[in-house]
Amino acid sequence: MMSQEQLCNQLGETGVLAGIAWAYRSAASRLVEDFSESAGYNATCAGVGLLALFADRLDRVFSCGKYAVDPDQTEDSGLDLLYAELTSDEVATLPKIAAGIVSRSDLNGSAGWRFGGVRWLLASARSGGIDAIEWTGKSPTKQLVARQFGKSEKSPSLFDDYARNVDSDELFVWNGDPFDVDSFVVGYSLDLVTYGRELVLGQSRWNPDGTSAWYWTMDLLAGQAPGGARGDAAEHAFVQPDEVPDAPVKLRRPAASQVNNTVGGNQ
């Protein structure tokens, strides 16, 4: 497993960390702009939307998927698609990262990106809850990433690892993807009330005993302004599928609930 210092130095020097931070900020800003409970959007919509927007922005900044660049194209080719629906500020701050430095590397249905010998997946958390993610409640893929150890000469498949470590008569359907590279996690959360944001890169830690969810994390928004306040913070618990959506957020309260909270509610 690559050390924290080695990984962060490599990702920082190549602009990858800046690319991840840009992708998250762009996705979060667009979700806040579009989201409206009055129009019928709910927590599920917000979770699916943020995950989809984040993945789209990561593909944009790293020239992956439909934003892939043909080697024969000129430097300005495909900019209409790349810049579509972005604000002028997002276009101006979009990191210029050479195509091919990062590639898509999905793992059993979980969106992933690969840089050299490392991969990262996305994992959401409740607002303010990055440090307390319970991997036992996440997908089998993210559970296995949290349980990974040093690789042997022959890398085991995730299916084999799952069969060895989980006491269950039923195994999830696996596509045979090999656990061939070190896998890290980009954890994120968004509060649609206060616009509070969290974004970290880290090595997840299997924590069925309720201990820390990480061996280490790096704050990718350090020094970033948190954004303007958008009303009183509110806790809205909800249950959602683990993989889709994979991005819990907080929602604005109905007007009556806000009044009660202002007067003296203790929620």
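Just so it is clear, none of the values below were taken in a lab; they were calculated from the coordinates. Note that the structure is predicted; figures quoted are calculated from it, not measured. FYI the Cβ positions are ideal-geometry reconstructions off the backbone, even for glycines, and counts take in every protein chain you see.
Okay, here's what the table says:
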quantity	calculated
Peptide ranges 92-104, 51-63 listed from the most packed, as the mean C-beta count within 10 angstrom indicates	51-63, 92-104
Simple spin-label estimate for E85 and S38 in nanometres, 7 Å along Cα-Cβ	2.3 nm
Added length on full extension, which subtracts the Cα-Cα distance from 0.36 nm per residue, Q6 to Y195	64.8 nm
Alpha-carbon centroids, the range 26-41 and the range 67-141: separation in whole Å	20 Å
Estimated FRET transfer efficiency (A52, R205; beta-carbon r; R0 35 Å; 0.05)	0.80
Three-way shape label, the range 1-135, alpha-carbon gyration tensor, a/c 1.5	oblate
